[in-house]
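J.: So that we are looking at the same thing, I have put the structure below in structure tokens.
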Amino acid sequence: MKKTIGLMALSLVLSATMAGGAFAPAFAQGAHLRIGLAEDPDVLDPSLARTYVGRIVFASICDKLFDIDEKLAIVPQLALSHETSPDGKAVTIKLRPGVKFHDGEAFDAAAAKYSLDRHLTIKGSFRKPELGSVNTIDVVDPFTIRLNLKEPFSPLLAQLTDRAGMMVSPKAAEAAGDKFGLKPVCAGPFKFVERVQQDRIVVEKFADYWNKDNVFIDKITYLPIVDGTVRLANLRSGGLDLIERVLATDIKTVRDNPKLKLISAVELGYQGITMNLANGAKANTPFAKDARVRRAFELSIDREALNQVVFNGEFVPGNQWINPTNFYYQQAFPIPKRDVAKAKALLKEAGVTGPLTLDFMVPNGAETKAVAEVIQSMAAEAGFDLKIRVTEFATSLKQGEDGDYQLFLIGWSGRSDPDGNSYSFQTCGSPQNNSKYCDKDVDAAHKEARSKSDPAERKKAYERVAAKFLPEGSILYLYHRRVLVALSDKVEGYRQIPDGLVRVVGVKLK
């Protein structure tokens, strides 16, 4: 086995191999679930975190005010109910009584207010734009809060189904300060035990969890294993019980194995290329300064061919921040067909002579490298010379923030509301807008979409966003993955929601 596997992951493979691939009795009786992750998460602080893989870990340790179900309906979690005022500018939320944080402190309205205020005010918060419409938060009674909004904000509840809705212990957060992410204290079914960077994250069942009767696992170990082939080998040998992001090329292998199960759903998010337009010295190129050059680059790419070559046709080509089956998809802007002749003509029109060399940052991984190489080959035919730079995942995020790239192959795991896939990346000054794209008309259209509750009116506002952002903006949307989770037949009760998270409540090991 090549690539990084981590000391603990390696020991699991070895022990399973010595046992002839069988589960040792203690493994079955100990209710210890081992989950293989495609990357190592970033900081485990709900306010500061930004990775998809981190959200998978948060699903076990940090409950939210609300969650979503298989049909993407919003359902209560730490909240019991909500009510929006007739003018849309106040949302009153009733909270679940009898909830405790992992440090034994009680969850109540004061704690909920603290958590939301922290998301809004802590330095470097990625939750601030998600909750940007919230002006003040009132404690109405010990188990009721009221969010007073600057203006109506239709995506608010959807935001509270993710990290913006995660509640943290005020006592622990105050004591830890900016080090809270090293030992998070939340109100989820499992409590944090330890983390060894690039090797493992361990959590244990929380005895006082509010829904403890539906928690059947005693311990979870998350193992970051970048190589998808190695992740699958661990699963097949019994060293892991569940792996996320199965390679599309491994789907048949999983389906053909009677001891494995494969669960699939089209992701809520997208995969694409972020293009540096105004972030530092690397934005000083014709590519960043002239939308015709970026348009030529898009016309050099065949999305369907990319899907067939790299993913055996299993994924969904796309050109927007939501997939083509989504209600908010803009049919007026279909996926462009590849046109190399037109691409060359646009480059000539923009005054670009000779191959245009671009730094192409690509997070480490078999599929990402394959995607990059196919795009490199296609773009070369039109006059682009892409220099692929494979980078460790967390490092690539930091370099993305710093503007140390010209092209960045990076996606977004997605949210149930389209605002969660677009606003933070497309509006002026937002924290995930690493390319520094800024357009007042796009900002105004987003503001309108946030203020409307009628889906048809919101879709019209997003049409204005698409009209400007798709030809001129900083993200080239390419495809939508299938959430591919493989698990041992010893895992029971697992259900997959299109957000791709691994929810552990209700899961059992035979």
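The values are calculated or read from the model by the stated rules, or taken from the named source; none is laboratory data. Fair warning: this is a prediction, and the values are worked out from it, not measured in the lab. When we count neighbours, we look across all protein chains shown, and the Cβ atoms used for this are built from the backbone with ideal geometry, even at glycine. Surface accessibility is based on the protein's heavy atoms, side chains included, excluding ligands, DNA and RNA. Shrake-Rupley method; radii C 1.70, N 1.55, O 1.52, S 1.80 Å.
J.: Is one or more of the residues making up the stretch 309-324 farther than 17 Å from residue 478 by Cα, of a type in the set (A, V, I, L, M, F, W, C) and open to solvent by 60 Å² or more (accessible area, probe 1.4 Å)? If you could, list the steps in order and put the result at the bottom.
T.: Pass one, the stretch 309-324, residues farther than 17 Å from residue 478 by Cα: none.
So far as the stretch 309-324 goes, no, none of its residues is farther than 17 Å from residue 478 by Cα, of a type in the set (A, V, I, L, M, F, W, C) and open to solvent by 60 Å² or more (accessible area, probe 1.4 Å).
J.: Across the stretch 336-363, which residue is nearest to residue 304 (Cα to Cα) among those that are β-branched (Val, Ile, Thr) and open to solvent by 60 Å² or more (accessible area, probe 1.4 Å)?
T.: Kept after step one, since they are β-branched (Val, Ile, Thr), are these residues of the stretch 336-363: 340, 352-353, 357, 362.
Next cut, open to solvent by 60 Å² or more (accessible area, probe 1.4 Å) only: 353, 357.
Values: 353: 29, 357: 25 Å.
Selected residue: 357.
J.: Next question. When residue 428 is evaluated against the numbered criteria (1) in contact with a helix residue (DSSP H, G or I) (Cβ under 6 Å, 6 or more places away or on another chain); (2) within 23 Å of residue 245 (Cβ to Cβ), which criterion, by number, is the only one it fails?
T.: (2)
J.: If you don't mind, there's one more thing I want to ask. Starting from residues that are of a type in the set (Lys, Arg) and over 27 Å from residue 189 (Cβ atoms), keep the ones in the stretch 133-164 and report whichever is most open to solvent (accessible area, probe 1.4 Å). So that I can check it myself, show each step before the final result.
T.: From the stretch 133-164, those of a type in the set (Lys, Arg) are 146, 150, 163; that's our starting set.
Narrowing further to those that are over 27 Å from residue 189 (Cβ atoms): 146, 150.
Details: 146: 80, 150: 116 Å².
Selected residue: 150.
J.: While we're here: Being aliphatic (A, V, I, L, M) and under 17 Å from residue 415 (Cα atoms) is the filter here; which residues of the stretch 441-474 pass it? If you could, list the steps in order and put the result at the bottom.
T.: Step one: list which residues in the stretch 441-474 are aliphatic (A, V, I, L, M), which gives 442, 444-445, 449, 456, 461, 465-467, 470.
449, the sole residue that qualifies.
J.: Follow-up question, since we're still on this one. Mind checking which residues of the stretch 373-405 are touching an Asp or Glu at 6+ places or on another chain (Cβ under 7 Å) and crowded, with 24+ Cβ neighbours inside 10 Å?
T.: Across the stretch 373-405, the qualifying residue is only 405.
J.: Collect the residues in the stretch 32-58 that are in a loop (DSSP other than H, G, I, E, B) and not hydroxyl-bearing (Ser, Thr, Tyr), keeping them in residue-number order.
T.: Quick first cut of the stretch 32-58, residues in a loop (DSSP other than H, G, I, E, B) only: 38-51.
Of everything in the stretch 32-58, those that are in a loop (DSSP other than H, G, I, E, B) and not hydroxyl-bearing (Ser, Thr, Tyr) turn out to be 38, 39, 40, 41, 42, 43, 44, 45, 46, 48, 49, 50.
J.: Those residues that are within 28 Å of residue 392 (Cα to Cα) and either open to solvent by 40 Å² or more (accessible area, probe 1.4 Å) or in contact (Cβ under 8 Å) with a residue 60 or more places away in the chain (or both), I need them from the stretch 429-449; list them, please. Give the derivation first.
T.: Restricting attention to the stretch 429-449, the residues satisfying the condition of being within 28 Å of residue 392 (Cα to Cα) are 429-437.
Within the stretch 429-449, 429, 430, 431, 432, 434, 435, 436, 437 meet the criteria.
J.: Cβ contacts < 6 Å: first residue in contact (Cβ under 8 Å) with a residue 12 or more places away in the chain and within 15 Å of residue 140 (Cβ to Cβ), restricted to the stretch 92-107; second residue open to solvent by 30 Å² or more (accessible area, probe 1.4 Å) and part of a loop (DSSP other than H, G, I, E, B), any location; separation 6+ or different chain. Result?
T.: Cβ pairs passing all conditions: 95/143; 97/143.
J.: Would you please name the residue that is nearest to residue 204 (Cα to Cα), looking only at residues in the stretch 92-132 that are open to solvent by less than 10 Å² (accessible area, probe 1.4 Å) and not in a helix (DSSP H, G or I)?
T.: Initial filter on the stretch 92-132 (open to solvent by less than 10 Å² (accessible area, probe 1.4 Å)): 93, 95, 99, 101, 107, 109, 111-112, 115-116, 119, 127, 131.
The next check asks that each one be not in a helix (DSSP H, G or I); those that pass are 93, 95, 99, 101, 107, 127, 131.
Working: 93: 30, 95: 25, 99: 17, 101: 14, 107: 20, 127: 27, 131: 31 Å.
Filtering the stretch 92-132 for residues that are open to solvent by less than 10 Å² (accessible area, probe 1.4 Å) and not in a helix (DSSP H, G or I), the one nearest to residue 204 (Cα to Cα) comes out as 101.
J.: Here's another thing I want to ask about it. Report, by residue number, each residue of the stretch 379-422 that is within 30 Å of residue 71 (Cα to Cα) and assigned to a strand (DSSP E or B). Walk me through how you get there before you give the answer.
T.: Our first condition is that a residue be within 30 Å of residue 71 (Cα to Cα); within the stretch 379-422, this holds for 409-422.
Answer for the stretch 379-422, where residues must be within 30 Å of residue 71 (Cα to Cα) and assigned to a strand (DSSP E or B): 409, 410, 411, 412.
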